[in-house]
């Protein structure tokens, strides 16, 4: 309803059964009121009607047949990996690859006030996740003689802070035209009757439309059209929390492209049957991600003839996706199913504006649901110690401490391969923290090519 008056917007909302939103509107600030009517003016009321129908009809999901998916292990077939690397490097050098990070989250679970991408992630210098990825993209760009474009999807909560951070740091030496920022779409949370919730008078309780919405945001922001104009064919997708991600990995891109796949996925072997992570598998005969809660105890613990878990391919949210496949999925809207996330939401009473935790529903799409639409897909198993050390939890597994330790151990292995073994304690861990800037070397091979002398292991080691 672009250009509509407040009265017209109100009438449309009331017709959609959302008249309760206006009962405390007089208590709203001028800024909240402007945002409120802006949100309502931009509302896709047809989609809202479908979501309300989904809410009313939701029940227990139908049982489907679950099976492990065929996968390829990186390093198991050197000749196949070499052919894949050659194809991936060809794509990169030809400027046919774009990098896409989903970075809409805040660091609140880590006790950090700001965008998660700003979180200090590295073992010694405390470089942010964004700086790590920028350095990897710069190194990749230099290696292949091309300015690798980087698309960053933010959210309403962190867009301005993210853009300002890059500006304050001169884009970490990336060319301005390599960076594209855009925000994820938001959807209103509802109560169990399908009424929108308010977090304050004149302020809708909005939440991101799930990581599947990143594909729609590529389309609605104009990024997809820009990619097509640039000749981009493949999109390397990853999430912001994993500093070990091998950005635009040519081996992965090559396996994906040589297979003619529309969308492919990296996985790591689960630590154990109890690790609460979704696994890539076949859902009703189609590729997809099977949530931990959807596997029975028997399925979670079942093992194959080699003794490995049958459902072991843990999803690490790294994908290679054909650009034209994303165009197909987003033509006329996002063609992915919505999922309901039921939870207590800190809403207000629409009559009194008093806080009233409400049994509510958020609507999300999952990017991996696109796998079910693929005619061909590659599941590439990689070594967790080499490529996956996410920062998700404040402590314990997948925490800042565990990630920094994993980074140090990776760099220690690189140094050992270059002829400089690291002193270790009685538990076999490196005695010093180690950090290697990707701009100095972004792989063991690149470090060996540097021909460096032995570092001083009497203190923390930084190579930059």
Fewest-first sequence of 119, 151 by Cβ atoms within 10 Å of each Cβ
119, 151
Which percentage, to the nearest 5, of the DSSP beta bridges contained in the chain is antiparallel?
65 percent
If the viscosity is 1.306 mPa s and the temperature 10 °C, what Stokes-Einstein diffusion coefficient in µm²/s follows for the stretch 152-271 when Rh is the Kirkwood radius over Cα pairs?
91 µm²/s
Exposure-ranked with fewest Cβ neighbours within 10 Å first, 340, 215 stand as 340, 215
How many angstrom separate the Cα center of the stretch 403-439 from the Cα center of the stretch 199-254?
32 Å
Stick to Cα atoms and the Kirkwood definition of Rh, then tell me Rg/Rh for the stretch 50-108.
1.22
How do the peptides 71-81, 435-445, 406-416 rank, highest first, by the average count of neighbouring beta carbon atoms within 10 Å per residue?
406-416, 435-445, 71-81
Residues 366, 311 arranged by fewest to most Cβ contacts within 10 Å
366, 311
Based on the Cα coordinates of the stretch 1-113, what is the per residue volume of their convex hull in Å³?
297 Å³
When the Cα centres of the stretch 4-68 and the stretch 317-333 are compared, how far apart do they sit, in Å?
26 Å
For the chain, what is one quarter of the convex hull surface built on the Cα atoms, given in nm²?
24.3 nm²
Sorting check: for 242-255, 131-144, 16-29, which peptide has the highest mean count of neighbouring beta carbons within 10 Å, and how do the rest follow?
242-255, 131-144, 16-29
Rank by packing, highest mean first: peptides 107-118, 421-432, with packing defined as the count of other Cβ atoms within 10 Å averaged across residues.
107-118, 421-432
Alpha-carbon gyration tensor eigenvalues x 5, square-rooted, for the stretch 244-349, Å:
25, 25, 14
Cα-only Debye scattering, the stretch 394-464: base-10 log of I(q)/I(0) at q = 0.23 Å⁻¹
-1.03
Pairs of Cα atoms under 8 Å, at least six residues apart: use those to get the relative contact order of the chain, whole percent.
20 percent
May I ask for log10 I(q)/I(0) of the stretch 34-182 at q = 0.19, 0.20, 0.21 Å⁻¹, from a Debye sum over the Cα atoms as equal point scatterers with solvent left out?
-1.12, -1.16, -1.21
Expressed as a whole number of Å, what is the distance separating the alpha-carbon centroids of the stretch 131-149 and the stretch 261-280?
27 Å
Rounded to the nearest 500, what is the chain's calculated 222 nm mean residue ellipticity when only DSSP H runs of at least 4 contribute -39500 (n - 2.57) each, over all residues?
-9000 deg cm²/dmol
Principal axis dimensions, the stretch 221-273 - Cα atoms, whole angstrom, descending
45, 27, 18
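Values quoted throughout were computed directly from the atomic coordinates according to the rules given, and no laboratory measurement underlies them. Computed from a prediction, not measured in an experiment: that's the story for all the values here. No Cβ is skipped: glycine too gets one built from the backbone with ideal geometry, and neighbour counts run over all protein chains shown.
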